[in-house]
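Values in this text are rule-based calculations from the coordinates and carry no lab data. None of the values given here were measured: they were computed from a predicted structure. Note that we place each Cβ from the backbone using ideal geometry, even for glycine, and neighbour counts take in every protein chain shown.
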Amino acid sequence: MYRVYCDDILIHDPLAGDSDYLLFDPVITEEENKAASFTFTIYPNNVGYKAMQRFTSIIEVSRDGTLLFRGRIISDKQTWNNAHEVTCESEFAYLNDTIIRPYKFTSTIKTTLRFFLNRHNEQVEQRRRIYLGTVSMPNPEDTQDFEADDYGSTMKQITDKLVSENGGYLRFRRYAGKNYLDYLSEITDECGQEIRLGENLLEFSAESKGEDVVSCLIPLGKKGEDGNRLTIESVNGGKDYIQDSVAMNQYGAVFAVRQYDDIESASALLAKGRKELKELTKGIQSISLTAADLSLANESEDPFRFLTNVNVVDEKHNVKGRFLITKKTTNLNSAADNKITIGKEIKSISRLIKNRSTQ
């Protein structure tokens, strides 16, 4: 069902019935807006034992012909019995290999992402190039000010200047022999298989982090000619902040700052701040599930896939609705160890405080 290749050499195929084609503890980890990883242990009898070259060999994992992971070996630890514990990272991580020189310009999100990818592609050979895919963010024609005076990696520039400021999801994919990067405001892909208590839900845990809750928000807009940022005081009774009364009663005053470089109207800034605060009052809740993937036994079932929406019905834990799979671990040898994390990440207060310190 699962197959792993090192370049053109088959190194894992449980159906082969031969230990020469087996990897041990092979696990894929996929996480929102990060490069995926693949770890495994390989023994000397494996046909690909001597073929693997760090940073050179390409490791591919597929399930029934569908590509699940493609990347390079970044570390290889030899143990006392000559086994090798191997760690791979997906080709998305190629963006860590290149540097964006200092820049300053005003542009749209799509044009800026294209700029970052073009600078990356100029520095690497063909196989490590990544091309602009689908960009679906709100107000696509709106412009923002982008600036950096440091020499950060392409990955850092994309995550810091785009994702941290505007939210959304980076989706890395391979099509027709090329790598593409999508930037989406929301994920619309659906998983047909449901997760239900008493059927395929095996374990459940939820964590709420109170330290990430915000009850008072100071929204700041674009800088004016005097160097000061736009505030909401003129449309908010003289106050430069908004608060959530329910969160105030529960947590007290917990302040954070959010800046929007593209907003020039106080009323628009107030509306944006209210929308943001509504999400921030929820804090972060991480829900981890262990669910049996019924597609492994029934081909008619839709398999769980990373960055897809899945319907969860768990009345015991008061969880019911459509949730995004934001993290997924897949053990190629043990389906019982597969886990998914659902829910939508809310920007944390630590990130907002960082923004505040730069004002």
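With neighbours defined as other Cβ atoms within 10 Å of a residue's Cβ, the residues Arg101, Arg3, Arg274 order from fewest to most as Arg101, Arg274, Arg3. Using only side-chain charges placed at the Cβ, +1 for Lys and Arg and -1 for Asp and Glu, the dipole size of the chain relative to its Cα centre rounds to 760 debye.
Per-residue ellipticity at 222 nm for the chain, helices alone: DSSP H runs ≥ 4 residues times -39500 (n - 2.57), over residue total, nearest 500 deg cm²/dmol? Write out the running numbers ahead of the final one.
Details: 5 runs with 51 residues, N = 359.
Per the formula, -4000 deg cm²/dmol.
For Gln259, the residues 5 or more places off, or on other chains, whose built amide H falls under 5 Å of its own are Leu220. Quick one: net charge around Thr134, please, counting Lys, Arg +1 and Asp, Glu -1 for every other residue with C-beta under 10 Å from its C-beta. Value of the local net charge: +2. Note on Asp8/Leu296: beta-carbon distance plugged into 1/(1 + (r/R0)^6) with R0 of 45 Å gives a FRET efficiency of 0.95.
How large is the translational diffusion coefficient of the stretch 97-184 in µm² per second when you combine the Kirkwood radius over alpha carbon pairs with Stokes-Einstein at 10 °C and 1.306 mPa s? Working shown, then result.
On the way: Rh = 13.3 Å.
Stokes-Einstein gives a translational diffusion coefficient of 119 µm²/s.
Tally Lys/Arg at +1 and Asp/Glu at -1 over every other residue whose Cβ is under 13 Å from the Cβ of Thr29; what's the total? Don't jump to the answer; show the numbers that get you there.
Values: positive: Lys34, Lys327, Lys328, Lys339; negative: Asp25, Glu30, Glu31, Glu32, Glu89, Asp337.
Neighbourhood net charge equals -2.
Diagonalising the gyration tensor over the Cα atoms of the chain and scaling each eigenvalue by 5 before taking the square root yields semi-axes of 41, 27, 17 Å, largest first.
With all distinct Cα pairs included, what does the Kirkwood hydrodynamic radius of the stretch 214-281 come out to in Å, to one decimal, could you say? Kirkwood radius, the stretch 214-281: 12.0 Å. In the distance distribution for the stretch 96-135, Cα-Cα pairs more than 15 Å apart total 41 percent. Estimated from the Cβ-Cβ distance and a Förster radius of 41 angstrom, the FRET efficiency linking Asp149 and Asn249 is about 0.40. Comparing mean-square fluctuations of Met52, Met248, Met137 from a GNM of the chain with C-alpha springs under 10 Å, the top value falls on Met248. Could you tell me how far the Cα centroid of the stretch 309-340 sits from the Cα centroid of the stretch 227-267, in Å? The distance from the Cα centre of the stretch 227-267 to that of the stretch 309-340 comes to 36 Å.
Which links in Lys156/Lys339; Lys34/Lys110; Lys161/Lys275; Lys178/Lys275 stretch past 30 Å when you go from one Cα to the other?
Numbers: Lys156/Lys339 28 Å; Lys34/Lys110 19 Å; Lys161/Lys275 21 Å; Lys178/Lys275 38 Å.
Cα-Cα > 30 Å for Lys178/Lys275; rest within.
Counted residue by residue at 0.36 nm each, then reduced by the alpha carbon distance between them, the extension gain from Leu197 to Ser234 reaches 8.2 nm. Counted as membrane-span-like here are DSSP H helices of the chain whose alpha-carbon atoms extend 15 Å or more along the helix's own axis and whose Kyte-Doolittle mean is -0.5 or above; these are 266-280. For the pair the stretch 149-169 and the stretch 1-67, the centres of their Cα atoms are 31 angstrom apart.
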